[in-house]
Each structure stands twice: as structure tokens, then as C-alpha cells.
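Everything below concerns the one structure shown next.
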Amino acid sequence: MSKLNPDIQAVFAAFGQTAYSVQIFEADLITLLIVLRQMARLAKNVKDTPELFLKKEPIEKFWREEGNRIQNQLEKCTLGQLLKNAFTQSKETLNELNEDQTLPSAFKDINKQLDRLPFEDWLDALASRNYLFHRFWYDADDQLGTKEGCYKLKKHLLNYNDQFENHVDDVRKTLKTLMDIMGCKR
């Protein structure tokens, strides 16, 4: 087997680095999906059993069960669809509950945090992910033949990587804030 041109190797390395960042982003979005579903579950139950929220009950069992449920659902629809549905359900539930003045203030804090999410940016990032994994190499074919083309592709991939790393940071900050509000440790 012959060695690849070093310029092409650099493009492959940049793609691998970007693919890794994309996978971390996806994993963190799944964690966010679990947290959004946990919030909706807590919000629905808080009127009947407020001690559930106030005790800050451990959610490890729920975490595992919900994680498995999400993995099964990902076979039927996209992560973006699941995330959008969970976000919408959480917002609707919290908006209904916000009218009740007897609820813990943490629910109002969660609602404010949800309003601040760069949710549309994350959905756009998932669309970029789809491009990278389904169209990038097809579109890049002509450019791989030249040094300049390889340089442009590598630069383009590293820009994508930076964007995904920034999204990972945003998701993790959001998760930390939401989990702190809910009193969860993970």
C-alpha cells in the first residue's frame, strides 16, 4: 500500500479531529435531552408530590432508563427532533406551572435558563454535522488533488472543529446550570 500525500493526510487528520468534537457534542446533547426530560418529569409531579423536587431525589436510575430510551428513539428519529420535542415539552410544562405561585422558585429559574439556550444554533450545528458526515467528501473530491485545495479543506474542517468545541462548551455550561438548579450531581 502506498503512502498518502502528507497534505491529504493532514485533511484526514483534521476530519478525524472534527468528527471527535462532533461526537462529544452529540453525547452532551443527549445528556441535555435527559436533563430536559427530567425537568419535565419533576415539573409534572411537583404539584402532587413537591417533596420529590425538594428532596432532590437521586436520579441515577432515571438517568440510565432515560438514556436507554433515548438511544432506542434515535433509531426512529434524529437527535435534533428529539431535542426539539423535549425542549418544547419542558417549556410548555414549565410555562403552565409558572402561573402557580406556590411552586418552588427553582422552576422559574429553570424557565429563565431555557429562554437563554442557543437552541437554534445547536440545531444548525446538527445540520453541519450531517453535512460533514454525508456530503463533505463528495464535495471535497476535486480539492484533494492540489496542495491549495488540501489547505482550504483542512482550514475549513478546523473552523468546523472550533465551532463544535464552542458548542460543547455552551452545552456543558447549560447542563451545569440546569443541574445545579435542580440539585443534581453527576
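Using Cβ counts within 10 Å as a stand-in for footprinting exposure, how do 25, 15 rank, fewest first? Don't jump to the answer; show the numbers that get you there.
Numbers: 25 25, 15 21.
So the ranking, lowest neighbour count to highest, is 15, 25.
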| note | The simple spin-label model distance between residue 76 and residue 27, using points 7 Å out along Cα→Cβ, in nm, is 2.7 nm
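Values in this text are rule-based calculations from the coordinates and carry no lab data. For clarity, every value in this text was computed on a predicted model and none was experimentally measured. Because the Cβ atoms are built from the backbone with ideal geometry, glycine has one as well, and the counts that use them run over all protein chains shown.
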